[in-house]
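Comments concern the structure below.
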Amino acid sequence: MSKQVGFYLDAEACNGCSVCLVACKDKYDNPIGVNFRKVIHHTMGGWEQDADNPGFLAPKISSYSLSMACNHCETPVCLEACPVGAISKREEDGRVLIDENTCVGCRLCQCCPYDAPQFNESLGVMTMCDGCVDLEGTGEEQACVAACPQRALEFGDMEELRAKHGNAVQSVEPLVDPQITQPSLLVTPHRNSKPMGGSANEQ
């Protein structure tokens, strides 16, 4: 494989507005319930003793948002699960793609820990983010990247993204252990981010 493309997210900049989700949905004209990109709102914390008011509890909570799509993983479990070979990893750039003409709609690829493959009931097949492969070579940004008002998203060669964003990591709470699929994802953690496995509530 000549290179591996993927996404970068600045979780410190992301405000959870979901404009990226809407832009993606609009571009692909996806029906209700089919979202190639989603925004996770992650909250943490609870009640603690109020130091200024003995006997009273005070809330101590924090939250942040993560914009997430297909991570075009190095070892995609969706590809391994597909019984008909409808999912492939493109040699030239590492994109993970679904051939809708081959897909039989069995939904076994929904084992993806990032919930990337989406079943389109009207088509009867699985569909998924392709990194706006149709824009390749046009100089245009991916729909989600171009729409983000905070400029929190980027898409490109992973080596270049790593060089540009040296403090970025592959995963933060509440995402799964990156060793499972080796996602092509880099995240600059939010200041409230916790290590994976911490206590939190996802909405």
Only one of (1) part of a loop (DSSP other than H, G, I, E, B); (2) closer than 22 Å to Asp26 by Cβ; (3) in contact with a strand residue (DSSP E or B) (Cβ under 6 Å, 6 or more places away or on another chain) is not met by Phe155, so which one is it?
(1)
Cβ-Cβ under 7 Å pairs, at least 6 apart or on other chains, region 104-116 side at negative phi, far side surrounded by 16 or more Cβ atoms within 10 Å (Cβ to Cβ) and of a type in the set (Lys, Arg):
none
Any chance you could count how many residues in region 91-126 are over 12 Å from Cys78 (Cβ atoms), among the β-branched types (Val, Ile, Thr) and buried (at least 18 other Cβ atoms within 10 Å of the Cβ)?
1
Unique match (being among the β-branched types (Val, Ile, Thr), free of Cβ contacts under 8 Å to residues at least 40 places away in the same chain, out of contact with any Phe, Trp or Tyr (no Cβ under 7 Å at 6 or more places or on another chain) and over 20 Å from Val84 (Cβ atoms)) among Val176, Val133, Val125:
Val133
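The rows are residues; the columns are (1) over 17 Å from Arg95 (Cα atoms); (2) out of contact with any Leu (no Cβ under 9 Å at 6 or more places or on another chain).
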| residue | (1), (2) |
| --- | --- |
| Leu108 | yes, yes |
| Asp115 | no, yes |
| Gly124 | yes, yes |
| Cys129 | no, yes |
| Leu135 | no, yes |
| Arg151 | yes, yes |
| Arg162 | yes, no |
| Asp177 | yes, yes |
| Ile180 | yes, yes |
Answer yes if at least one residue in region 49-69 is surrounded by 12 or more Cβ atoms within 10 Å (Cβ to Cβ), in contact (Cβ under 8 Å) with a residue 60 or more places away in the chain and at positive phi, and no otherwise.
no
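FYI, it's all coordinate maths here, none of it is from the lab. Predicted, not measured: the structure shown is a model, and the values here were computed from it. No Cβ is skipped: glycine too gets one built from the backbone with ideal geometry, and neighbour counts run over all protein chains shown.
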